[in-house]
Amino acid sequence: MKQSIFAICFLALGLACQSQPQNAPADTKASATNGKPFTIKGKLNNPVAGKVYLERMNDRNIPLRVDSVKIAADNTFSIKGNAAEPGIYQVNIANQQVIGLILDGGENLNIVADGVSTPDKAATFSVDGSPAMAKFNQIVAEAQKFRQTQTTLQEQFDAVSKKKDEKKKKELQAQYIAAEDTYSNTIKPMIAELGTSLAGLIAINNFLNPEKDFEIFAKTAAQLEKEGQNHFFAKLFREDVKRRSAGSVGSDAPDFSLVDMAGKPVKLSELRGKVVILDFWATWCGPCIMSFPGMKQAMDKYKSNPNVQFLFVNTFERVDQSQWKSTVTNFVNQRGFNTYPIIYDMGGEVALNYGVNGIPAKFCIDKEGKIKFKSTGFMGSSELIVQEMSKWIDEAAK
């Protein structure tokens, strides 16, 4: 089984891929009288015939046309409109080049674009006139640099894993943690500059860790409330923070009553007095399965302790509920996971109550029923998992 320095199955791509209200029909004009006015002026480096379309992303991340203008003879175009509220848009140049935009309203944008790609060169563009977008693009560039570092470290990790060089694996894991810290410390001040703009909300949701950086999420939600921002994305952000807070460290663990693979009910509140480890997982999630051997070792370590209970919460399966149990049963039998205490979170309601946005997600619930620890993802080592679980359990049992 291939290991990963750090792996996680994301359940959503964040605010950038969520819905927007008031779906506009095709070719409706952006020049409505309500909202904040904006202008988009463009110059194309290559002659392109046809129209430029302004499109807004809908609830399925599908572009809906809100305006269109003909490309002038001098390869320029100009669009004026009003943003009823912040939204995610794109400029579609004659179906040849698409440029993403984040609009709060009030922008005066200047776009310089190639307009078309050539066999030797992909179409490029630049956008001026929006400090928020410029800062957001800088954050994206930092994220891309970090992903390159991740890829390099992963390749090295895979190579030393084949050689079973445990010392080098630990060194690479330490390098990854250091690189992640540097990346986080670089982008946090940049994100702070964006404030509660839509670019800021998207950046927080996509580039910060809600477990490590929850304070930033909570403060931003409170600021949105203070500013009276009630647009769709502000509501979505606040609702998401509220949901995450339900599963935050120190809060009461949401109670649930689920069934195991034998049909026996399992109620969390009936386990009060025990340390409970919840591991949210799905059959399609590679990192979840990669973490199972380490979790099995942790279970074996505490199997003689009646005050420790592991529960593997199967959630977010990508099948109809009528096929859910059979899918999991077949998977478990084929993989030899029959001894794992698996319970079904049909529909994912429990995971959502715990604020789970990515899996594997692990929670440690102490004897008083409070969330003591939580983590998301797989660090690539069964040894590290056992160390983490041991620390959690020993601390929670005090």
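The values are calculated or read from the model by the stated rules, or taken from the named source; none is laboratory data. What you are looking at is a predicted structure, and each value in this text was computed from that prediction instead of being measured. Here Cβ is always computed from backbone atoms with ideal geometry, including for glycine, and neighbour counts include all displayed protein chains. To get the accessible areas, we keep the full protein, side chains included, count just its heavy atoms, and leave off ligands, DNA and RNA. Shrake-Rupley method; radii C 1.70, N 1.55, O 1.52, S 1.80 Å.
Here are PRO306, PRO293: which of them is outside any loop (DSSP other than H, G, I, E, B), open to solvent by 30 Å² or more (accessible area, probe 1.4 Å) and not charged (D, E, K, R)?
PRO293
Could you check the range 47-65 and list, in sequence order, the residues that are closer than 16 Å to VAL116 by Cα and open to solvent by less than 50 Å² (accessible area, probe 1.4 Å)?
VAL48, GLY50, VAL52, TYR53
Which of the residues spanning the range 66-97 are touching a helix residue (DSSP H, G or I) at 6+ places or on another chain (Cβ under 9 Å), open to solvent by 10 Å² or more (accessible area, probe 1.4 Å) and not aliphatic (A, V, I, L, M)?
Of everything in the range 66-97, those that are touching a helix residue (DSSP H, G or I) at 6+ places or on another chain (Cβ under 9 Å), open to solvent by 10 Å² or more (accessible area, probe 1.4 Å) and not aliphatic (A, V, I, L, M) turn out to be GLU85, PRO86.
Quickly run through the range 232-252 and pick out the residues that are open to solvent by 20 Å² or more (accessible area, probe 1.4 Å) and either among the β-branched types (Val, Ile, Thr) or not in a helix (DSSP H, G or I) (or both).
SER248, VAL249, GLY250, SER251, ASP252
Give just the number: which of (1) among the small types (Gly, Ala, Ser); (2) closer than 29 Å to GLY195 by Cβ; (3) assigned to a strand (DSSP E or B); (4) open to solvent by less than 40 Å² (accessible area, probe 1.4 Å) does GLY100 not satisfy?
Unmet for GLY100, out of (1) among the small types (Gly, Ala, Ser); (2) closer than 29 Å to GLY195 by Cβ; (3) assigned to a strand (DSSP E or B); (4) open to solvent by less than 40 Å² (accessible area, probe 1.4 Å): (4).
Every residue, every condition in (1) in contact with a Gly (Cβ under 9 Å, 6 or more places away or on another chain); (2) under 29 Å from CYS364 (Cα atoms), yes or no:
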site	(1), (2)
ASN206	yes, yes
ILE216	no, yes
GLU225	no, no
GLY228	no, no
ARG238	no, yes
SER251	no, yes
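Go through the range 62-80 and give me each residue that's at pLDDT below 95 and in a loop (DSSP other than H, G, I, E, B).
ILE62
So, in the range 362-390, exactly how many residues are open to solvent by less than 10 Å² (accessible area, probe 1.4 Å), within 25 Å of GLY273 (Cβ to Cβ) and in contact with a Cys (Cβ under 9 Å, 6 or more places away or on another chain)?
Number satisfying all stated conditions: 2.
Would you point out which residue out of PHE373, PHE312 is part of a strand (DSSP E or B), more than 20 Å from GLY263 (Cα to Cα) and not charged (D, E, K, R)?
Exactly one of PHE373, PHE312 is part of a strand (DSSP E or B), more than 20 Å from GLY263 (Cα to Cα) and not charged (D, E, K, R), namely PHE373.
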